[in-house]
1. Scan region 10-66 for residues that are assigned to a loop (DSSP other than H, G, I, E, B), open to solvent by 70 Å² or more (accessible area, probe 1.4 Å) and of a type in the set (Lys, Arg) and jot them down.
2. What residue, among those in region 85-115 that are touching a strand residue (DSSP E or B) at 6+ places or on another chain (Cβ under 9 Å) and part of a loop (DSSP other than H, G, I, E, B), is farthest from Ser30 (Cα to Cα)?
3. How many residues does region 22-71 hold that are under 16 Å from Ala99 (Cα atoms) and among the basic types (Lys, Arg)?
4. Based on what the data block shows, is Tyr104 aromatic (Phe, Trp, Tyr), under 17 Å from Phe53 (Cβ atoms) and buried (at least 19 other Cβ atoms within 10 Å of the Cβ)?
5. Of the residues that make up region 78-86, is at least one open to solvent by less than 50 Å² (accessible area, probe 1.4 Å) and without any contact (Cβ under 8 Å) to a residue 60 or more places away in the chain?
6. Looking at Gly101 and the list (1) under 17 Å from Arg23 (Cα atoms); (2) without any contact (Cβ under 8 Å) to a residue 24 or more places away in the chain, which single condition is not satisfied?
7. Please count how many residues of region 87-101 are under 18 Å from Ala40 (Cβ atoms) and surrounded by fewer than 18 Cβ atoms within 10 Å (Cβ to Cβ).
8. Checking Ala33 against (1) of a type in the set (Gly, Ala, Ser); (2) touching a residue at least 24 places away in the same chain (Cβ under 8 Å); (3) over 24 Å from Val2 (Cα atoms), which test does it fail?
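The values are calculated or read from the model by the stated rules, or taken from the named source; none is laboratory data. In this text the structure is predicted, and so the values were computed from the model without any measurement. Neighbour counts run over all protein chains shown; Cβ positions are idealised from the backbone, glycine included. Note: areas computed on protein heavy atoms with side chains; ligands, DNA, RNA excluded. Shrake-Rupley method; radii C 1.70, N 1.55, O 1.52, S 1.80 Å.
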Amino acid sequence: QVQPVESGGGLVQAGGSLTLSCRASGSIFSGNAVDWFRQAPGQQRALVARISFARDTYYVNSVKGRFTISRDNAKSTVYLQMNSLQPEDTAVYYCHVVAFGNNYWGQGTQVTVSS
């Protein structure tokens, strides 16, 4: 399928870890950077991390040192390893890619961190 599909969200205690996955057809991931965004209740959707096709990475300051973005191009899958999760990380996490001049968003996966 063309649309990215996220998985791996859930409920975790503060200090815990989760790994999110985003899978899509190879045609939209191939050659393109892939982003993870998140949207907390009442807030705008915001970029969390980005990985280029060559695996250069970018992280927003609030997750540096705790989150790791990676990709397996052969599997057309991008991962977001999240460690030391805090209640402020609670949000719906979305995968995003720009391909063929179009924005592709997944449906999102809920991450809830309890204190």
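1. Within region 10-66, Arg45, Arg55, Lys64 meet the criteria.
2. Step one: filter region 85-115 for residues touching a strand residue (DSSP E or B) at 6+ places or on another chain (Cβ under 9 Å), giving 85-98, 103-115.
Within this subset, residues satisfying the condition of being part of a loop (DSSP other than H, G, I, E, B) are 85-86, 90, 106-108, 115.
On the way: Leu85: 30, Gln86: 33, Thr90: 30, Gly106: 17, Gln107: 20, Gly108: 21, Ser115: 39 Å.
Filtering first and then ranking leaves Ser115.
3. Within region 22-71, the subset under 16 Å from Ala99 (Cα atoms) is 22-36, 50-54.
When the remaining residues are screened for being among the basic types (Lys, Arg), the result is 23, 50.
Total meeting the criteria: 2.
4. Numbers: aromatic (Phe, Trp, Tyr): yes; under 17 Å from Phe53 (Cβ atoms): yes; buried (at least 19 other Cβ atoms within 10 Å of the Cβ): yes.
Answer is yes for this residue.
5. Going residue by residue through region 78-86, those that are open to solvent by less than 50 Å² (accessible area, probe 1.4 Å) are 78, 80, 82, 85.
Within this subset, residues satisfying the condition of being without any contact (Cβ under 8 Å) to a residue 60 or more places away in the chain are 78.
Looking through region 78-86, at least one residue is open to solvent by less than 50 Å² (accessible area, probe 1.4 Å) and without any contact (Cβ under 8 Å) to a residue 60 or more places away in the chain.
6. Among (1) under 17 Å from Arg23 (Cα atoms); (2) without any contact (Cβ under 8 Å) to a residue 24 or more places away in the chain, Gly101 violates only (1).
7. 2
8. With respect to (1) of a type in the set (Gly, Ala, Ser); (2) touching a residue at least 24 places away in the same chain (Cβ under 8 Å); (3) over 24 Å from Val2 (Cα atoms), Ala33 is out only on (3).
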